[in-house]
Each structure stands twice: as structure tokens, then as C-alpha cells.
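Contents: one structure, followed by commentary.
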Amino acid sequence: MPSDTFSHTAIVSATPASIYSALQQADTWKGIGPIDNVWDATHEGDRLVSFKWSAHAVGKSWEGTARRGSDQVADEMTLDLDSSEIAGTIAVTLLPDGNSTALTVKLSARSKGLVAGMFWGVVTDALRKGMPAQVEAFGKQF
């Protein structure tokens, strides 16, 4: 199955700790990668564990799940994404940069289904072109 990886870094005027804290709320993830909407978040204490998400593409709403990855440090958070058409990961890395934070979002996506496979070029073009603006907007919420 075809796959691609995309990355963008935004400079954010917030501390890594405050951004990491905000990443524990599922709503924070709206608008990044394929995630248009989120619901059914689960937490362990104050750590986000999983949520359901949807994306709108080719005139249809597609649903999937996001599960926290194996990240163990407070300067990175990874979500493993799964849906009927696309799977992958979103990793957010936070590095102090003076009075700001360099927030890097890396999206790795792979085709799983027939529709995504047939239109993978269109899917990757949309993800590639959308990633910089998505990450900049994502960073502004902090």
C-alpha cells in the first residue's frame, strides 16, 4: 500500500509544558492531518488515551480512531490513527526556542482501503499542501 510522510514546524509563543497539557484534550487535535472532528475521548488521569475522529473527503464523512502511541516524554506526543481507508501516526515534538517553542508536527499516512489507494495521489497532494497551514493554525491555539 502507498504511504507518505509530511512535516512542518511552527514557532509558538507558549511553553512546551502548556502545549503538552493542551494536547491532552481531544478538541486540540481538530484540524490537523485528516482530523476534522473528535468525540468519545478517554483519559487515564490527565493523559489523553484515545478518541474517535472523522474526516470529510470525496463527498463523504470517514470515521476513525486515534490511540496514544508509545511516547514517554513530555516533549513529544504521538497518536496512532486508524480508519477503513487510511492509517498512520501524528507525532508532535516540542523544543524550547528562546521564549517560544518549536512545534513540529509529523504525519505519516498509508493507504489501507480501495478508495484511498485509487486516489492516493490526490490524498497526498491535499495532505502535503494543507500541512503547513494546518500546523501554523494548530500552533496559534496555544
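On inspection, Ser18 passes the criterion of being in a helix (DSSP H, G or I) and open to solvent by 40 Å² or more (accessible area, probe 1.4 Å). If you filter the stretch 64-86 down to residues that are farther than 24 Å from Leu114 by Cβ and of a type in the set (Val, Ile, Thr), you find that the one that is most open to solvent (accessible area, probe 1.4 Å) is Val73.
Conditions (1) at pLDDT 95 or above; (2) open to solvent by 40 Å² or more (accessible area, probe 1.4 Å), marked per residue:
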site: Asp4; (1), (2): no, yes
site: Thr9; (1), (2): yes, yes
site: Asp27; (1), (2): yes, yes
site: Ile32; (1), (2): no, no
site: Gly88; (1), (2): no, no
site: Leu95; (1), (2): yes, yes
site: Gly98; (1), (2): no, yes
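One residue stands out in the stretch 102-142 among those that are of a type in the set (S, T, N, Q) and farther than 15 Å from Trp62 by Cα: the one that is most open to solvent (accessible area, probe 1.4 Å), namely Gln141.
The values are calculated or read from the model by the stated rules, or taken from the named source; none is laboratory data. Keep in mind that this is a model prediction, so the values were computed, not measured. Note: ideal-geometry Cβ built from the backbone for every residue, glycine included; neighbour counts use all protein chains shown. Quick note on the areas: whole protein, heavy atoms, side chains included, nothing else; ligands and nucleic acids left out. Shrake-Rupley method; radii C 1.70, N 1.55, O 1.52, S 1.80 Å.
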